[in-house]
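Novice: Have a look at the structure that comes next, please.
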Amino acid sequence: MKQLRNTVIRAGMEALSLSGVHHLLRPIFAGVGAIFMLHHVRPGRDGEFQPNGHLEITPEFLRVTLQHLRQHDVDLVTMDEVHARLSQRNFARRFVCFTFDDGYRDNRDLALPVMREFDAPLTVYVASDLAEGSGRLWWVALERVVAKASAIEIPSGHNLTRLDASTAAAKHAAFGRIHRWLRALPGEHDQQREISALCTRHEVDEAAIARELCLSWDELKPFADDPLVTIGAHTISHCNLARQSEATASLEIATSRARIENALQRPVMHFAYPYGDRAAAGAREFALTKTAGFKTAVTTRPGMIFPESADHFTALQRVSLNGNYQDVRFLPVLTSGAATAMWNGFRRIDAA
Ligand SMILES: [Zn+2]
């Protein structure tokens, strides 16, 4: 199903790219700028089973994207600058801000050097438990379980269902099935319990993943001192805020910020909602981050930035640089706003 969706999106992007229709749509949907969303930046990996492949691009594709933006004379700016330009209605020049979620070590080792070639600033949203080494990247844990196993048993009703995971295709199907099952469980504790049980049964060291992949506090401190780097908050535990009580959601938002400010000794003014889609961030969460005093908060809802985004500083849309579509031909489509407009049913702002 996910494969099908990828194929459909790819076909849509190809069609837009070939037809040149994105040039016609530009004045309506290109907006005044964009916030790009990235996760990992690292070399492509071998193997067919990469269910989290959409969360990574290569350093080369990052460079090509930056070249494209520079060629089109787009300003590469910080989130503070996005906020300032929107507040002052300063739209003389188009702008793009690069944001990276979760705080991966490859952001420092592989993304920053490429960003530096273009003197381009970046914002990295840190979940404090991940920096602490105690957080859980359950989607990576699940990828490792499925990669390792030839069959996986999951509860269904009072029985166990046995999922084949002996081939790459079977692994993709099993990953999709388990992913949907986990996201549908009533609470995140249930999800965590089931993932931990899977990791134990298949001998995956779940606790080690955050330490392996994420920047620690000791590493974040000098990283945050780099003039190109802004550190933002991304909750304590990387939870789905919309599924928490209001008290817990407020605590996750305010305490993550306090922990980062305390560890790095600098103010944290920007926030990203974990998962960030409709099911994870809505009107209540947009109000909570505003009350907490953040200047901006970003979702994962697709879209460009428009003058009217200034009315929704804690519900800003982003454009995903998706690892499944690392093709230079798609860049004009993405920066024209045609792709995100299509996904949004041709609405400019999606902040309700
Ligand atoms: Zn995240």
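The values are calculated or read from the model by the stated rules, or taken from the named source; none is laboratory data. The shown structure was predicted, so the numbers you read here are calculated from the model rather than taken from an experiment. Reconstructed Cβ throughout: ideal geometry from the backbone, glycine too, with neighbour counts over all protein chains shown. Just the protein is used for accessible areas: all its heavy atoms, side chains included, with ligands, DNA and RNA removed. Shrake-Rupley method; radii C 1.70, N 1.55, O 1.52, S 1.80 Å.
Novice: Test LEU62 against the stated conditions and say whether it is over 30 Å from HIS172 (Cβ atoms), of a type outside the set (Asp, Glu) and either within 15 Å of the chain's Cα centre (by Cα) or more than 16 Å from the ligand (Cβ to nearest atom) (or both).
Specialist: When the stated conditions are applied, LEU62 does not pass them.
Residue by residue, here is whether (1) over 30 Å from ALA315 (Cα atoms); (2) of a type in the set (Phe, Trp, Tyr) holds:
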| site | (1), (2) |
| --- | --- |
| ALA169 | yes, no |
| HIS172 | yes, no |
| LEU185 | no, no |
| ARG193 | yes, no |
| ALA207 | yes, no |
| PHE223 | no, yes |
| HIS234 | no, no |
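Novice: Among (1) under 21 Å from the mean Cα position of the chain (by Cα); (2) away from the ligand (no atom under 16 Å from the Cβ); (3) closer than 24 Å to VAL298 by Cα, which single condition is ASP225 missing?
Specialist: Here ASP225 clears every test but (1).
Novice: Would you call GLU212 outside any loop (DSSP other than H, G, I, E, B) and either more than 16 Å from the ligand (Cβ to nearest atom) or open to solvent by less than 60 Å² (accessible area, probe 1.4 Å) (or both)?
Specialist: yes
Novice: One residue is enough: does the stretch 65-74 have a residue meeting the conditions open to solvent by 10 Å² or more (accessible area, probe 1.4 Å) and either acidic (Asp, Glu) or in contact with a helix residue (DSSP H, G or I) (Cβ under 6 Å, 6 or more places away or on another chain) (or both)?
Specialist: Within the stretch 65-74, one or more residues are open to solvent by 10 Å² or more (accessible area, probe 1.4 Å) and either acidic (Asp, Glu) or in contact with a helix residue (DSSP H, G or I) (Cβ under 6 Å, 6 or more places away or on another chain) (or both).
Novice: Still on this structure, I have one more. Identify, by number, the condition in (1) more than 16 Å from the ligand (Cβ to nearest atom); (2) at pLDDT below 95; (3) under 30 Å from LEU198 (Cα atoms) that GLY135 doesn't meet.
Specialist: Every condition holds for GLY135 apart from (1).
Novice: Now for a different question. Residue by residue through the stretch 61-100, note down the ones that are over 12 Å from ALA34 (Cα atoms) and among the β-branched types (Val, Ile, Thr).
Specialist: VAL64, THR65
Novice: Name the single residue, out of those in the stretch 180-207 being part of a loop (DSSP other than H, G, I, E, B) and modelled with pLDDT under 90, that is surrounded by the most Cβ atoms within 10 Å (Cβ to Cβ).
Specialist: Selected residue: LEU185.
Novice: Could I ask something else about it? Does the stretch 245-253 include one or more residues that are β-branched (Val, Ile, Thr) and either within 21 Å of LEU264 (Cα to Cα) or open to solvent by 20 Å² or more (accessible area, probe 1.4 Å) (or both)?
Specialist: Initial filter on the stretch 245-253 (β-branched (Val, Ile, Thr)): 248, 253.
With either within 21 Å of LEU264 (Cα to Cα) or open to solvent by 20 Å² or more (accessible area, probe 1.4 Å) (or both) added as a condition, the list becomes 248, 253.
Checking the stretch 245-253: at least one residue is β-branched (Val, Ile, Thr) and either within 21 Å of LEU264 (Cα to Cα) or open to solvent by 20 Å² or more (accessible area, probe 1.4 Å) (or both).
Let's see how each residue does on (1) modelled with pLDDT of 95 or more; (2) open to solvent by 10 Å² or more (accessible area, probe 1.4 Å):
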{"site": "ALA258", "(1), (2)": "yes, yes"}
{"site": "GLN265", "(1), (2)": "yes, yes"}
{"site": "GLY276", "(1), (2)": "yes, no"}
{"site": "LYS290", "(1), (2)": "yes, yes"}
{"site": "MET304", "(1), (2)": "no, no"}
{"site": "SER336", "(1), (2)": "no, no"}
{"site": "PHE346", "(1), (2)": "no, yes"}
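Novice: Name the single residue, out of those in the stretch 85-129 being within 22 Å of THR58 (Cα to Cα) and out of contact with any helix residue (DSSP H, G or I) (no Cβ under 9 Å at 6 or more places or on another chain), that is farthest from the ligand (Cβ to nearest atom).
Specialist: ASP119
Novice: Turning to a different aspect of this structure: Could you please find all residues in the stretch 215-242 being in a loop (DSSP other than H, G, I, E, B), hydrophobic (A, V, I, L, M, F, W, C) and under 13 Å from TYR125 (Cα atoms)?
Specialist: Initial filter on the stretch 215-242 (in a loop (DSSP other than H, G, I, E, B)): 215-216, 226-228, 234-240.
Cutting the leftovers down to hydrophobic (A, V, I, L, M, F, W, C) gives us 215, 228, 236, 239.
Selection gives LEU215, ILE236.
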